[in-house]
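Report on one structure; see the data block that follows.
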Amino acid sequence: MKKSLVILFLLTAVFVLPYTLKIQAGNIEVPITMKMSDFLDYIPEDIDPYWDSIRVKVGGLYVPFQIDDVDANGRVSGDDYLVFLGKGECEIIIPENEMAEVKFESYFTVQKDGNKWIIIGKNGEGYEVDDHGIVHVKKFGKVEGTILDEVGILRVAGFANSTYLVDGELGKHFEEVSYAFEPVSVKVIPGPIAVSIYAELRSITFAGLDQYIITHVFKNGDILVNNKITFRNYADLMKLQHMVTRVLTSVDGDTVHVLPVFRRLVWADQLNITPYEYWLERNAIKMIANKPYIVFPATDSMKPLWWGATYIFASQERWRGNYSEKLGMGVAEILPEIPVVSDNFVDWIDGNTWVFESQEFRDGVFKWIPGEFEAYEATKGAYPTDMKLWPNRYYAGQEVNFVRLYNITKVDNLENWVKWLEAKSESFRSVEIVK
């Protein structure tokens, strides 16, 4: 009897309950990713985890997950990422006792073809990753063609050799996108949940500007992008915009552009009307579930008040997207939070705004101040007219991040897509660590 008690005591001493990190999401499945080094911010110091034995539960059930070996050292380390799909209550279980490592079959196959990677999903999904780590969606369901293009590309414009802080001169203006950057490294890692792309690019023109793109292409049609720009030098920039291009319009010319009504639109300010009234005058308001949405043909410029963009100097909203009735397909861009719209006009213009131009979803800083600002009473004198005061000034050590979720989904009509998208975007914004 005493011997049995000793054995029981030893077993109790050896087998310690695992540490569990709880994450709460909404009612619809969304991507959840976490850098392994970030776990150290939550795990107590007296925990000695076995990282290879991690498990993930969603709704009380064990689910597949992956840990991307980003540094390719063959073991779990700080630069690696845990990746899974979750909704409701999610648990990341980290044992303190050694357990068998769980492995899952990859959903994606990857083949290198010259300077690009061809990615095929088990259900026939097709993607390409080019030599700059930019993602191109080529097939989803039965639809083939350019469904969503250049995911993660950056547009940069400004005065690359500015000496403004020394002598007040800006110098020559340059504009380029990520394809002008030098690729430092591109890694494509397939897994059971997603294929992950880790790319590092370096601008030659804007010395000291680096772009780091982490893109996870999930098996459920989600594409999560973390587009980080870092500065190793001073920079005077007029544009710093994250983008995607050709959203469904290449496969259906009748695609419509859809989004919630802007909270602020410069053109509406100048006409002394609301953004709702601006789009109502263009017959571009549609009521869905008793809420107004902007809906118009994606290839139509919609008679802009000035310049050629369909909209510009517009507030960032919770999502925007394109929908094809013919294909029964929607592609959306979803933000992780609803950005605040500053009452201060200068602060708002200096921050991130939305542009829709040339079939490009542009998101970020745009600082070319039009002469038309001075032509309307509402904006006259609201922003400096001296061009030397226009650029956003970045300094060494500064970082800018764009985290965006793209979703491709099949749905039978526009109304149902919008209702589903509202729930999807709410679920994405509600992800939080609760323990």
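Values as computed for the structure displayed
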| item | result |
| --- | --- |
| Subset of segment 220-235 that is of a type in the set (D, E, K, R) and in a strand (DSSP E or B) - its residue that is farthest from Phe174 (Cα to Cα) | Asp222 |
| Residue identified as closer than 24 Å to Phe140 by Cβ, in the same structural domain as Phe206 (by TED's automatic domain parsing) and under 17 Å from the mean Cα position of the chain (by Cα) among Val418, Val403, Val411 | Val403 |
| Per-region count, segment 205-219, residues in a strand (DSSP E or B) and in contact with a helix residue (DSSP H, G or I) (Cβ under 9 Å, 6 or more places away or on another chain) | 2 |
| Test: residue in segment 111-120 that is within 17 Å of Ser203 (Cα to Cα) and either assigned by TED's automatic domain parsing to the domain that holds Leu209 or touching an Asp or Glu at 6+ places or on another chain (Cβ under 8 Å) (or both) | no |
| Residue that is farthest from Arg232 (Cα to Cα) [pool: residues in segment 179-202 that are touching a Ser or Thr at 6+ places or on another chain (Cβ under 9 Å) and hydroxyl-bearing (Ser, Thr, Tyr)] | Ser196 |
| Test: Thr379 is surrounded by fewer than 18 Cβ atoms within 10 Å (Cβ to Cβ) and more than 18 Å from the chain's Cα centre (by Cα) | no |
| Any hit, segment 145-163, residues being of a type in the set (Ser, Thr, Tyr) and over 23 Å from Val331 (Cα atoms) | yes |
| Enumeration of residues in segment 211-238 that are among the acidic types (Asp, Glu) and either at pLDDT below 95 or closer than 26 Å to Ile369 by Cα (or both) | Asp236 |
| Matching entry among Ile197, Ile213 (being closer than 24 Å to Gln398 by Cβ and among the aliphatic types (A, V, I, L, M)) | Ile213 |
| The lone exception for Ser250 - which of (1) crowded, with 19+ Cβ neighbours inside 10 Å; (2) under 26 Å from Val177 (Cβ atoms) it fails | (1) |
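The values are calculated or read from the model by the stated rules, or taken from the named source; none is laboratory data. Keep in mind it's a predicted model, so treat the numbers as computed, not measured. We place every Cβ from the backbone using ideal geometry, glycine too, and count neighbours over all the protein chains shown.
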